[in-house]
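The values are calculated or read from the model by the stated rules, or taken from the named source; none is laboratory data. Just so it is clear, the structure is predicted and the values come from calculations on it, not from any experiment. Methodologically, a virtual Cβ is constructed for each residue, glycine included, from the backbone with ideal geometry; neighbour enumeration extends over all protein chains shown.
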Amino acid sequence: MSNGKTTGRQALSYAITKGTELSGISSGILKGIWYYVTAKDDATLLPSAVGVGRAFLCSKAVAALAAGDAVVPLTLALLGFVRDKQLDASKTAVDSTTDIDEESDSLSDGLVARTGSLNGMDVVDTPTSTLKAQFTHTIVATAAVTPGDVDVITAKDISTPKQLIMIDWGGRSPVEGEEIIADIMPVIFTQMSQGASYGGVKSLNFNFTVVSQDDDGCKPTHFVGPYRAPVSA
């Protein structure tokens, strides 16, 4: 790193799967795991600044939560096709200039709209296939275990889920204690494009819109802080 600068190759993109909710004194949390907070006790053992619906990286294991605490662990799956990541944020401003103003004036409702894109090269992996399946009715044939038997065929309908993703802006080869910057977001993927040309690699691109929360109340989180590695079993 030089004066806070890093190369674009350091950034990684992930699809996120939510695990089973952990709650109450019978549950604990582990160092190095990302969690969404779904409930907090008045005497919470969760970070005080992390509100319900926001995510955090656990820096120290807690053997048992408070009775009213609840979290959802997050599992990250690398979106291996991605080469370029883009995240844009904007606020709407409306012209409010009147005769009393000597210069033009504007007002904003303060609402932030975020959109982005994941662009790269087409690869064969499960996270990538899951994104593709959101845009086309897909017939999947799985080879029979016994040669000569009928292949197993299933269908996947077009879907528009509120999908959790992460962009870790410096996530390649993280070091314990080194600062990381990550965006965890519920998004709707709004556009897919694929391309192929002679002399080139097949391309795959997705555009997305960030939503205020997903169906389980998980909200966008911009996280800045030290990297904490999971404890090896």
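Among (1) free of Cβ contacts under 8 Å to residues at least 12 places away in the same chain; (2) closer than 30 Å to residue 24 by Cβ; (3) of a type in the set (Ser, Thr, Tyr), there is one condition residue 96 misses while meeting the rest; what is its number?
(2)
Quick check on region 130-153. Is at least one of its residues of a type in the set (Val, Ile, Thr), under 19 Å from the mean Cα position of the chain (by Cα) and modelled with pLDDT under 95?
Yes; the residues of region 130-153 include at least one that is of a type in the set (Val, Ile, Thr), under 19 Å from the mean Cα position of the chain (by Cα) and modelled with pLDDT under 95.
With the condition kept exactly as written, say whether any residue in region 82-89 is exposed (fewer than 11 other Cβ atoms within 10 Å of the Cβ), part of a strand (DSSP E or B) and modelled with pLDDT of 95 or more.
Pass one, region 82-89, residues exposed (fewer than 11 other Cβ atoms within 10 Å of the Cβ): 88.
Cutting the leftovers down to part of a strand (DSSP E or B) gives us 88.
Narrowing the set further to residues that are modelled with pLDDT of 95 or more leaves 88.
The answer is yes, given that some residue of region 82-89 is exposed (fewer than 11 other Cβ atoms within 10 Å of the Cβ), part of a strand (DSSP E or B) and modelled with pLDDT of 95 or more.
Are there any pairs with C-beta distances below 6 angstrom linking a residue in region 196-207 that is in contact (Cβ under 8 Å) with a residue 40 or more places away in the chain and over 9 Å from residue 122 (Cα atoms) to a residue that is in a strand (DSSP E or B) and among the small types (Gly, Ala, Ser), with the two at least 6 apart or on different chains, and if so which?
If the second residue must be in a strand (DSSP E or B) and among the small types (Gly, Ala, Ser), the pairs left are 207/117.
From the list 26, 59, 13, 48, which one is over 28 Å from residue 130 (Cβ atoms), of a type outside the set (Lys, Arg) and either touching a residue at least 60 places away in the same chain (Cβ under 8 Å) or part of a strand (DSSP E or B) (or both)?
Among 26, 59, 13, 48, only 59 is over 28 Å from residue 130 (Cβ atoms), of a type outside the set (Lys, Arg) and either touching a residue at least 60 places away in the same chain (Cβ under 8 Å) or part of a strand (DSSP E or B) (or both).
A quick yes/no check of all residues on (1) over 24 Å from residue 131 (Cβ atoms); (2) out of contact with any Asp or Glu (no Cβ under 6 Å at 6 or more places or on another chain); (3) outside any loop (DSSP other than H, G, I, E, B):
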site	(1), (2), (3)
144	yes, no, no
165	no, yes, yes
173	yes, yes, no
176	yes, yes, no
181	no, yes, yes
216	no, yes, no
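Of everything in region 186-208 that's assigned to a loop (DSSP other than H, G, I, E, B) and hydroxyl-bearing (Ser, Thr, Tyr), which residue is nearest to residue 164 (Cα to Cα)?
In this case the residue turns out to be 197.
The rows are residues; the columns are (1) in contact with a Phe, Trp or Tyr (Cβ under 7 Å, 6 or more places away or on another chain); (2) touching a residue at least 12 places away in the same chain (Cβ under 8 Å); (3) over 22 Å from residue 87 (Cβ atoms).
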residue	(1), (2), (3)
103	no, no, yes
109	no, yes, no
116	yes, yes, no
152	no, no, yes
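May I ask you to list the residues in region 36-61 that are among the β-branched types (Val, Ile, Thr), buried (at least 16 other Cβ atoms within 10 Å of the Cβ) and closer than 22 Å to residue 17 by Cβ?
The answer is 37, 38, 50.
For region 5-50, which positions are of a type in the set (Ser, Thr, Tyr) and under 20 Å from residue 186 (Cβ atoms)? Reasoning before the result, please.
Narrowing region 5-50 to residues of a type in the set (Ser, Thr, Tyr): 6-7, 13-14, 17, 20, 23, 26-27, 35-36, 38, 44, 48.
Those that are of a type in the set (Ser, Thr, Tyr) and under 20 Å from residue 186 (Cβ atoms): 13, 14, 17, 20, 35, 36, 38.
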